[in-house]
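The values are calculated or read from the model by the stated rules, or taken from the named source; none is laboratory data. Please read all numbers here as calculations on a predicted model, not as lab measurements. In this analysis, Cβ positions are derived from the backbone assuming ideal geometry, glycine residues included, and neighbour counts consider all displayed protein chains. Heavy atoms of the whole protein, side chains included, go into the accessibility calculation; ligands, DNA and RNA do not. Shrake-Rupley method; radii C 1.70, N 1.55, O 1.52, S 1.80 Å.
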Amino acid sequence: MKVRSPLTFCIVFIVTFALVAGCVNPATYIKTTTETEAAAPSAAAGSLRLGFSAWPGWFPWQVAQDEGIFAANKLSVDLKWFDGYLESISTLTAGQIDANSQTLGDTVNSVSGGADQVIVLVNDNSTGNDKVIVREGINSIADLKGKKVAAEEGTVDHFLLLLGMKKAGLSPQDIQFVPLETGKAAAAFVGGQVDATAVFAPFTTQALKRVGSKELFSSKDFPGAISDHLVFTRKFVEENPDRVQALVDSWFATLDYMKANPDKAYQIMSKRAGVSVSEYQEYADGTRIFTIEENLTAFQQGRDYTSLQFAAREMSKFLTEVGLAKTELDTSKLFDDRFVKAYAEKVKKT
């Protein structure tokens, strides 16, 4: 895969207004073995290797694991947690896992660089869980001029920051950018070392503990721009369609479980996030988990970023225009909606 610098990566997505929902997780939370995990056999050689990282739209995978939903769908899953989101992307590209939870933008980048991947499911859209948080006295984006702003370079939060600045007429040179991993960026803000920070949940909770701090803008101000997906290597999909279907079925079964057992689901997800249940519940409105109906709609052709085909084409066009890809990507090969369609048909018959 062609390696890009974070700066170039930012330029691509600022111009296309197609943010990636980056979820790099530098959290120090250490996963403990649950009773369900302890009772389950170790991952067999034939287990589906699924990666995920810290983002509210992906924590349901932990619910599926802990509550035996994978097993109920006759699927053995080796669920791999990544402290770093970018590491999960490179691991999928290297073929060391079979599927990953990642953004549309990152997937287009990977495929444009030579990876053979396919999107089979929309997990969610970010609707506020990515935020730019500022200290007291900063009341507009224009007020960021000359200020120290921390974010993890090359992540969604950096993109969101620059996108908001672009909309307000500011350039990247108008601020003192402080590149720090997300957890350290939040800590630096709380410690008064910087004037603002761009972070995603659950680090938004930490950043807002600074007295007088507030949200300046968030992903809710750019609707439809941040989408997150279940992405497979094409080889795995072609060789194991039944297992892909079982994983998609497990996802929707997990959403049903969460609706029927919200308290238990919140306990599992908040533990995985390393925050309290009450703090985790505050993220509910900031991530829109897609229903089966919304999945079916997203896979259809459209004329704005709510259509995955449209968004991917626009991203690919720009990659070609700036010389980061030799030819435009055939986006028709990037999406495989047969699994969500099969699930929808199954639901109709029940």
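Kindly evaluate SER171 against the criterion of being within 19 Å of THR287 (Cβ to Cβ), of a type outside the set (Val, Ile, Thr), at pLDDT below 95 and out of contact with any Cys (no Cβ under 6 Å at 6 or more places or on another chain). Criteria not met by SER171.
The rows are residues; the columns are (1) within 28 Å of ALA344 (Cα to Cα); (2) in contact with a helix residue (DSSP H, G or I) (Cβ under 6 Å, 6 or more places away or on another chain); (3) surrounded by 24 or more Cβ atoms within 10 Å (Cβ to Cβ); (4) at pLDDT 95 or above.
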| site | (1), (2), (3), (4) |
| --- | --- |
| ILE30 | no, no, no, no |
| ALA45 | no, no, no, no |
| GLN62 | yes, yes, no, yes |
| LYS74 | yes, no, no, yes |
| VAL77 | yes, yes, yes, yes |
| GLU87 | no, no, no, no |
| GLN96 | no, no, no, yes |
| ALA115 | no, yes, no, no |
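Apart from one condition, GLU328 fits all of (1) over 25 Å from GLN65 (Cβ atoms); (2) among the acidic types (Asp, Glu); (3) exposed (fewer than 13 other Cβ atoms within 10 Å of the Cβ); the exception is (3). Taking the range 273-314 as the region of interest, how many residues are touching a strand residue (DSSP E or B) at 6+ places or on another chain (Cβ under 9 Å) and either open to solvent by less than 50 Å² (accessible area, probe 1.4 Å) or farther than 26 Å from ASP249 by Cβ (or both)? Counting residues in the range 273-314 that are touching a strand residue (DSSP E or B) at 6+ places or on another chain (Cβ under 9 Å) and either open to solvent by less than 50 Å² (accessible area, probe 1.4 Å) or farther than 26 Å from ASP249 by Cβ (or both) gives 12.
A single member of ALA207, ALA225 is touching a residue at least 60 places away in the same chain (Cβ under 8 Å) and in contact with a Ser or Thr (Cβ under 6 Å, 6 or more places away or on another chain), and it is ALA207. Applying the criterion of being hydrophobic (A, V, I, L, M, F, W, C) and open to solvent by 10 Å² or more (accessible area, probe 1.4 Å) to the residues of the range 159-176, the residue that is farthest from ILE226 (Cα to Cα) is ILE175. From the residues in the range 186-238 that are more than 17 Å from THR107 (Cβ to Cβ), in a strand (DSSP E or B) and not polar (S, T, N, Q), which one is modelled with the lowest pLDDT? Out of the qualifying residues, it is PHE200. Does SER270 satisfy the condition of being open to solvent by less than 50 Å² (accessible area, probe 1.4 Å), hydroxyl-bearing (Ser, Thr, Tyr), over 30 Å from GLY183 (Cα atoms) and in a helix (DSSP H, G or I)? It is false that SER270 is open to solvent by less than 50 Å² (accessible area, probe 1.4 Å), hydroxyl-bearing (Ser, Thr, Tyr), over 30 Å from GLY183 (Cα atoms) and in a helix (DSSP H, G or I).
Does ARG243 satisfy the criteria of being outside any loop (DSSP other than H, G, I, E, B) and either of a type outside the set (Ser, Thr, Tyr) or surrounded by 16 or more Cβ atoms within 10 Å (Cβ to Cβ) (or both)? Taking the combined requirement at face value, the residue satisfies it.
Select, from ILE175, ILE138, the only residue that is farther than 29 Å from GLU279 by Cα and more than 16 Å from the chain's Cα centre (by Cα). Full working, then the answer.
Values: ILE138 fails: farther than 29 Å from GLU279 by Cα.
The match here is ILE175.
State the number of residues belonging to the range 133-163 that are part of a loop (DSSP other than H, G, I, E, B) and at negative phi. The qualifying residues number 10.
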